[in-house]
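Student: My questions all concern the structure below.
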Amino acid sequence: MARAALGLGCARALVLLAVASVALLPLVSSDDRYGHCEGVVRGWADSSTGRDKDGDKLSLKDLLFFLHIPRTGGRTYFHCFLKKLYTNAQECPRSYDKLRFDPSHPDCKLVVSHDDYSLTSKLPRERTSVVTILRNPVDRVFSTYEFSVEVAARFLVHKNLTSAKLMSTRLLTKSRAVSTLDIWPWKYLVPWMRQDLFARRDARGGDKVPSSKKVNAYDVEDMVMPLHQYINDPVAHEIIHNGATFQITGLTNNSYFDGAHEVRHCVRQHPNLGRIVLEVAKNRLDQMLYVGLTEDHEESARLFAHMVGAQVLSQSGTLNLDLKEDLRTENDSHPSMVEPEDEETNEHLNSTHGWQTNEALNSTSDEQGKGNMTVGKLMEAYETCIAKLRKSQSNRRKISLKKVEEANFSKEARKLVPEAILKEIISLNSLDMELYDHAKKIFTQEHLMLKAQQSGVGQHRLLLAGQKGWTEIICSDGICSPWMVVMLGLGITAIIALVSFAVTTRRRTSKLKV
């Protein structure tokens, strides 16, 4: 009996001890998890700091890596700038396709990719210059949502999701082209949205929902996943929010760094650790050759042409710095420059539109080697190209959204989105908001630097023009007339004689007065 009581007492003690342990475990494990995460994040930051500060960041190196943050207009730069500066042979094969990317190509001089900064581990770091473009995080989230819907809606021409998947697989197998579904982050976001669109269509039993009233395009629940649901989904937290910061630090779910997931998970679990990651991102921007802003489209393009384009042309030997090159001031305007639209030209092929190359892209073929190129001519070619691409993309969007026509995305429609959702987007992208502010400071510095440089070039050109003026008087097409040379010589001699006579006469007059 005593043994039984003793045994029962011991059992109770063990149970109480277990309960107490379970009660204390969350507190202990929470502290341990934070300490572990802090060590992981700081360890990563220490290993990432100081590796990108070698050499002159303003000088273009052998390899240019355009780190393309989605929905910032990077595809426009690729087709309308870089395709005119580099030949097809100089572009690294399959830049956008991580599985088949080959940076070891002997003539590889250009990488344009959605891959994050960790891609530099596959590149000759000391010979690589990095450039990028940032966008206001709120607008980038809107645009990411819109493009996810747009591309996914193209599959609605199929009778069901199974048919759409089979057709995609069949076409991708037959063609060597790169599909949107091959490229990060769309290889995650588009299938997710596609599945949701088919589920909503099946639920309503048809393609259209008639409406007699004006609706909020970002809250058409019967047709499309509403924006407020989209931004709160775990997929958005994993890929979209603070995406620019994670991409520039090489910590996306597409990273070449094995520990990226753990660092990213720790930052999401303990937001205050995001400050450490943010500092690394800022330092990375500071070391880049060029940082553009989507919102300041015209000035960004001009800076890119002068800071990057001019160096590419100079290195290739095709740059001709003639005296007619445009050196506009900040008050000048360019009448032919297209106003920036939200649509980013994205010409990745997808299974629902076939494998035809867009007509606008055919007009943006390589211009290198077609005579002397100036920065001014490069800008003119860019403006012509971007006008065609924007028109093409606008038409394409209208066609893509026909099956979900009430999701009529536009700048005006964004104004109907409740303020609470906008504030939530800002909160979810706090790191990107601060990084964008830092990018604006860098952009201002780039503008001032270019202005100072152009001022110096302008003064030099005036001097050259002054020296050239006399030559042009007596020479034509580089051939100087002997008679003109003699006449000029006699004229100069006469002037010297007159000056000497005047000086002598003045001296004699002075002596007489004394």
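Student: Restricting to the stretch 71-96, name every residue that is part of a loop (DSSP other than H, G, I, E, B), closer than 17 Å to residue 185 by Cβ and open to solvent by less than 10 Å² (accessible area, probe 1.4 Å). Working first, answer last.
Tutor: Of all residues in the stretch 71-96, those part of a loop (DSSP other than H, G, I, E, B) come to 71-73, 86-87, 92-96.
Now narrow it down to the ones that are closer than 17 Å to residue 185 by Cβ: 71-73, 95-96.
Listed by number, the residues that qualify are 71, 72, 95.
Student: Please name all residue pairs, on different chains or six or more residues apart, with Cβ atoms under 8 Å, provided the first residue is in the stretch 222-236 and is of a type in the set (Phe, Trp, Tyr) and the second residue is surrounded by 22 or more Cβ atoms within 10 Å (Cβ to Cβ).
Tutor: 230/145; 230/148
Student: How many residues does the stretch 223-260 contain that are surrounded by 20 or more Cβ atoms within 10 Å (Cβ to Cβ) and under 30 Å from residue 205 (Cβ atoms)?
Tutor: Residues meeting the conditions: 7.
Student: Which of the residues that make up the stretch 197-222 are open to solvent by 10 Å² or more (accessible area, probe 1.4 Å), at pLDDT 90 or above and either of a type in the set (D, E, K, R) or not in a loop (DSSP other than H, G, I, E, B) (or both)?
Tutor: Narrowing the stretch 197-222 to residues open to solvent by 10 Å² or more (accessible area, probe 1.4 Å): 199-216, 219-222.
Subset that is at pLDDT 90 or above: 199-203, 219-222.
Within the stretch 197-222, 199, 200, 201, 202, 203, 219, 221, 222 meet the criteria.
Student: In the stretch 403-439, which residues are open to solvent by 80 Å² or more (accessible area, probe 1.4 Å), touching a residue at least 12 places away in the same chain (Cβ under 8 Å) and part of a helix (DSSP H, G or I)?
Tutor: Passing the criteria: only 411.
Here is a yes/no grid of residues against (1) at pLDDT 95 or above; (2) within 29 Å of the chain's Cα centre (by Cα):
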{"site": "144", "(1), (2)": "yes, yes"}
{"site": "148", "(1), (2)": "yes, yes"}
{"site": "159", "(1), (2)": "no, no"}
{"site": "162", "(1), (2)": "no, no"}
{"site": "170", "(1), (2)": "no, no"}
{"site": "173", "(1), (2)": "no, no"}
{"site": "179", "(1), (2)": "no, yes"}
{"site": "190", "(1), (2)": "yes, yes"}
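The values are calculated or read from the model by the stated rules, or taken from the named source; none is laboratory data. This one's a predicted model, so the numbers in the text were calculated from it and none came from an experiment. Neighbour counts run over all protein chains shown; Cβ positions are idealised from the backbone, glycine included. Heavy atoms of the whole protein, side chains included, go into the accessibility calculation; ligands, DNA and RNA do not. Shrake-Rupley method; radii C 1.70, N 1.55, O 1.52, S 1.80 Å.
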